Amino acid sequence: MRSIWNGNISFGLVSIPIKMYPATEDHSVSFRQVHTKDGGRIRYRKVCELEDKQIDADEIGKAYEDADGTLIPITDEDLAHLPLPTTRALEIQAFVSAADIDPLQMGDAYYLGANGPAAAKPYALLREALKRSEKVAITKYAHRGRERLGMLRVVGDAIAMHRLLWPDEVRNPVGVAPKENVTVREAELDLADTLMNTLGEVDLNQLHDEYQEALDALVAAKMTGATPTAEPGEAPAGAQVVDLMAALRDSVRSARAARGEEAGEAGEAEEEEAAEATVHPLPARKKAAAPAKKAAATKKKGAEKKGAEKAGAAKTTAKKAAAKKAPAKKQATGKRASGRTAS
């Protein structure tokens, strides 16, 4: 393994000579740009825009471009004289719990190896101290033209370093979360928990890059002149409005089927319970009682008024009938009186 940086870990007054090695590697296939007409390689040449001619690497320097386009040359001597104590050292600043590090800050990973026999003892001392404390070391160092932040931790019998972003380099997630005011019900959370339990855990070593494997097979087929046999993958489904509960239940069934499991009574009971829990009776409206009472009172008042009107009409009719009977009775009485006088 080839080292990419040499320096020292500064652990108080203890100095540990180390070499830095990349801890990861990229397996992706690199493509070259070609002319589609004849297959010729596309080349990029570094040309000076003032002289309009290609120049060699030893003639290329650094410059800072100001806002108005002015170029300010910066030489290697200028950078070498910067007052950076971390130029060739990883200076440990503190020891903290790994849980205190925001994963968003973590970047590239490196292995730090002891540089020479004399570094073995202090290297092992720092490694064992990190193990016993169950903490990680926060360090500052200079690499590739700038001062950086790092985190040291133990991996196996080696010390690894993760490059950390400075806190002000991590963006605030303002405006990322949905703006809509939504409520997640307990039944939906229960189904989500069921789906998570069904998917279970996984050994990361069992996961592999299927696209990379298909790409490797395609390149191998092209090299031998064979016809590629890779089948196109399924197109991702577009975003659509779905029944969330139904989608969760279908996801649980699909996950169980993928793992070769049956739903079982427990799983079906969970789904049925969650499905029943989605039905919520509407609460009674308290304000509706006042209009109902008012309507009943109005109806009663109207009935009383109508009854009074009917009683009044009946009374008037009775008076008229009595008035008609009164003259007839008076006339009959007069006739009886005149008959008695004549006799």
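Its Cα centre serving as origin, the range 91-224 has a Cβ charge dipole (Lys and Arg +1, Asp and Glu -1) of approximately 960 debye. With a cut-off of 12 Å between beta carbons, the residues surrounding A124 carry a summed charge of +1, where Lys and Arg count +1 and Asp and Glu -1.
Taking Cβ atoms as reference points and 15 Å as the exclusive limit, the residues near D100 contribute a net charge of 0, counting Lys and Arg as +1 and Asp and Glu as -1.
For the range 1-92, with all protein chains in place and a probe radius of 1.4 Å, 50% of the accessible heavy-atom surface sits on carbon or sulfur. Relative to its residue count, the range 62-102 spans a Cα convex hull of 138 Å³ per residue.
Averaged per residue, what accessible area in Å² does the range 5-95 show with a 1.4 Å probe, protein chains only?
Working: 7650 Å² over 91 residues.
That works out to 84 Å² per residue.
On a full-extension model of 0.36 nm per residue, what is the gain between S30 and A94, subtracting their alpha-carbon distance, rounded to one decimal in nm? Stretched out fully, the S30 to A94 stretch lengthens by 19.0 nm. Highest average first, the peptides 120-127, 34-41, 196-203 ordered by how many other beta carbon atoms sit within 10 Å of their residues are 120-127, 196-203, 34-41. When the pairs K19/K62; K19/K121; K19/K135 are compared against a 20 Å limit on Cα-Cα distance, K19/K62; K19/K135 fall above it. Annotation: per residue accessible area for the range 97-160 equals 54 Å², rounded to a whole number [probe 1.4 Å, protein chains only]. Surface exposure of the range 177-217, expressed per residue as accessible area with a 1.4 Å probe, stands at 87 Å².
The values are calculated or read from the model by the stated rules, or taken from the named source; none is laboratory data. Worth saying up front: this structure is predicted, and the values here are computed from it rather than measured. Reconstructed Cβ throughout: ideal geometry from the backbone, glycine too, with neighbour counts over all protein chains shown. Note: accessible area is taken over every heavy atom of the protein model, side chains too, but ligands, DNA and RNA are not part of it. Shrake-Rupley method; radii C 1.70, N 1.55, O 1.52, S 1.80 Å.
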